[in-house]
Amino acid sequence: MEKEIIVGVQSGNVTFSFKIDQDGSNLKEGFDTINRLISSHRDLLQKASLTFPLTTPIIRQQSTVSLAQLGIPANEKEAILGTIDELNRFDLFLILLHYAAKPLSYDQVMSLSKELGKPIKYNWLDSEPHRDERKGFIMSEPIPGKKEKLYSLTERGKKKAESIIESLKKKETS
């Protein structure tokens, strides 16, 4: 499983972040760059910050998820792929969340849907799942320090996803 590690340094209410590999090979370079930016733009940052002293670095891990990692049974994956053109994006979204072991971020949903050949775009994800007729199927929770959210299914959403999958398997066998 490939992991992306984002290291953030917070100065007041401004956060600087950079990506590192699992070995942390560019960790020193990232901190040096942030320290250089903070020193060279101190006046501007003080205006944007409520408090200036640096706080402890925040480390977040967000792993890349592939279809293989979701563990979709072969017959169900075939049914999904066989009807992907007919499948609406909301149903695809429910299916992806159904098989995910943990809540999925937008990037993960986008990556998985691309892998299936039916990309879910941000503007769709930001509006369609929240329409009145679709409320109660999905939970979204903000990721601290980001505008992004994590998505998961409610109990009602789990039942709906199972129903969609059964329907796809019936279509595939007929």
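The values are calculated or read from the model by the stated rules, or taken from the named source; none is laboratory data. Remember, it's a predicted structure, so these values are computed and weren't measured experimentally. As a convention, Cβ positions derive from the backbone with ideal geometry for all residues, glycine included, and neighbour counts pool all protein chains shown.
A few remarks follow.
- Residue in the range 148-160 that is loosely packed, with under 15 Cβ neighbours inside 10 Å, in contact with a Ser or Thr (Cβ under 8 Å, 6 or more places away or on another chain), at pLDDT 80 or above and more than 20 Å from VAL65 (Cβ to Cβ) present: no
- Test for GLU166: is it without any contact (Cβ under 8 Å) to a residue 40 or more places away in the chain and within 20 Å of ASP107 (Cα to Cα): no
- Top-ranked residue in the range 114-126 [being surrounded by 13 or more Cβ atoms within 10 Å (Cβ to Cβ) and touching a residue at least 24 places away in the same chain (Cβ under 8 Å); ranked as nearest to SER66 (Cα to Cα)]: GLU115
- Taking the criterion of being of a type in the set (Lys, Arg) and under 20 Å from the mean Cα position of the chain (by Cα), the residues of the range 136-174 that qualify are LYS146, LYS147, LYS149, LYS158.
- Residues that are free of Cβ contacts under 8 Å to residues at least 24 places away in the same chain, loosely packed, with under 15 Cβ neighbours inside 10 Å and in a helix (DSSP H, G or I), drawn from the range 73-106: ALA74
- Of the residues making up the range 161-174, those that are surrounded by 13 or more Cβ atoms within 10 Å (Cβ to Cβ) and either in contact with a Leu (Cβ under 6 Å, 6 or more places away or on another chain) or among the β-branched types (Val, Ile, Thr) (or both) number 3.
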